[in-house]
1. Please specify each residue of the range 2-17 satisfying the condition of being assigned to a strand (DSSP E or B) and either open to solvent by 70 Å² or more (accessible area, probe 1.4 Å) or farther than 12 Å from ALA93 by Cβ (or both).
2. If you go through the range 89-127 one residue at a time, how many are aliphatic (A, V, I, L, M) and part of a strand (DSSP E or B)?
3. Please tell me if VAL40 is of a type in the set (Val, Ile, Thr), surrounded by 13 or more Cβ atoms within 10 Å (Cβ to Cβ) and closer than 19 Å to MET1 by Cα.
4. With ARG84, ARG126 as the choices, which residue is of a type in the set (Lys, Arg) and open to solvent by less than 80 Å² (accessible area, probe 1.4 Å)?
5. Would you mind telling me which numbered condition in (1) closer than 16 Å to ARG124 by Cα; (2) modelled with pLDDT under 95 ALA2 fails?
6. Out of ALA65, ALA57, report the one residue that is open to solvent by less than 50 Å² (accessible area, probe 1.4 Å) and either assigned to a strand (DSSP E or B) or more than 13 Å from MET91 (Cα to Cα) (or both).
7. Any residue in the range 64-86 that is among the β-branched types (Val, Ile, Thr) sitting within a Cβ distance under 8 Å of a residue that is buried (at least 17 other Cβ atoms within 10 Å of the Cβ) and part of a loop (DSSP other than H, G, I, E, B)? List the pairs, counting only those 6 or more apart or interchain.
8. Between a residue in the range 8-26 that is farther than 14 Å from LEU73 by Cα and any residue that is in a loop (DSSP other than H, G, I, E, B) and open to solvent by less than 70 Å² (accessible area, probe 1.4 Å), which pairs come within a Cβ distance under 8 Å, given they are 6 or more apart or on different chains?
Amino acid sequence: MAFRFEQKVLFKHCDPARIVFFPRYFEMMNDCVEMYFDQVLDAPFEHLHQDAAVPTAQIETRFSAPSRHGDTLILSLHITAVGRSSMRYRMRAHAGDELRFDTTATLVHVGLNGKAAPWPDDLRARLLAEKDNEHES
């Protein structure tokens with residue numbers, strides 16, 4: 001089952017047209033990824049980022065319908081690939097039955113020097129286990 005993250009659309013997410021300003025979706029996506037690392041992978045960013053980082057190297061998003069102040073979005077994330085120092089995921093957000101966005105992204109594990117570095121063995125094992133256990137719902 002994909003990891004699910006609930007996000008209520010707040011006033012701060014909206015532009016003068018009263019819909020979510022698209023960069024705020026990327027903040028929501030990052031919040032979902034951070035909670036995934038914390039709650040599923042047992043690798044909270046506050047620990048992981050002491051001697052490494054996981055920046056987004058690529059992201060592609062299709063926005064399907066606008067979200068408005070007060071909507072509740074359910075973001076679902078599942079891992080689609082795990083490499084030596086990268087992982088790819090797909091994330092979708094729905095409000096009820098309506099798709100709001102669909103995104104794919106690649107994260108890269110980097111060392112303090114900013115260069116790609118292999119995942120720590122224990123974290124890579126958890127990533128691979130999650131990839132094998134997940135399926136789209």
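1. Correct list: PHE3, ARG4, GLU6, LYS8, CYS14.
2. 9
3. In short, yes.
4. Selected residue: ARG126, the only one of ARG84, ARG126 that is of a type in the set (Lys, Arg) and open to solvent by less than 80 Å² (accessible area, probe 1.4 Å).
5. Tallying (1) closer than 16 Å to ARG124 by Cα; (2) modelled with pLDDT under 95, ALA2 fails exactly one: (1).
6. Selected residue: ALA65, the only one of ALA65, ALA57 that is open to solvent by less than 50 Å² (accessible area, probe 1.4 Å) and either assigned to a strand (DSSP E or B) or more than 13 Å from MET91 (Cα to Cα) (or both).
7. The qualifying pairs are THR72/VAL9; ILE79/GLU134; VAL82/TRP119.
8. From residues that are farther than 14 Å from LEU73 by Cα, the pairs are PHE21/ASP15.
The values are calculated or read from the model by the stated rules, or taken from the named source; none is laboratory data. Being a predicted model, the structure only gives us computed values, none of them experimental. Every residue, glycine as well, gets a Cβ built from its backbone with ideal geometry; the counts of neighbours run over all protein chains shown. Side chains are part of the model used for accessible areas, which takes the heavy atoms of the whole protein and leaves out ligands, DNA and RNA. Shrake-Rupley method; radii C 1.70, N 1.55, O 1.52, S 1.80 Å.
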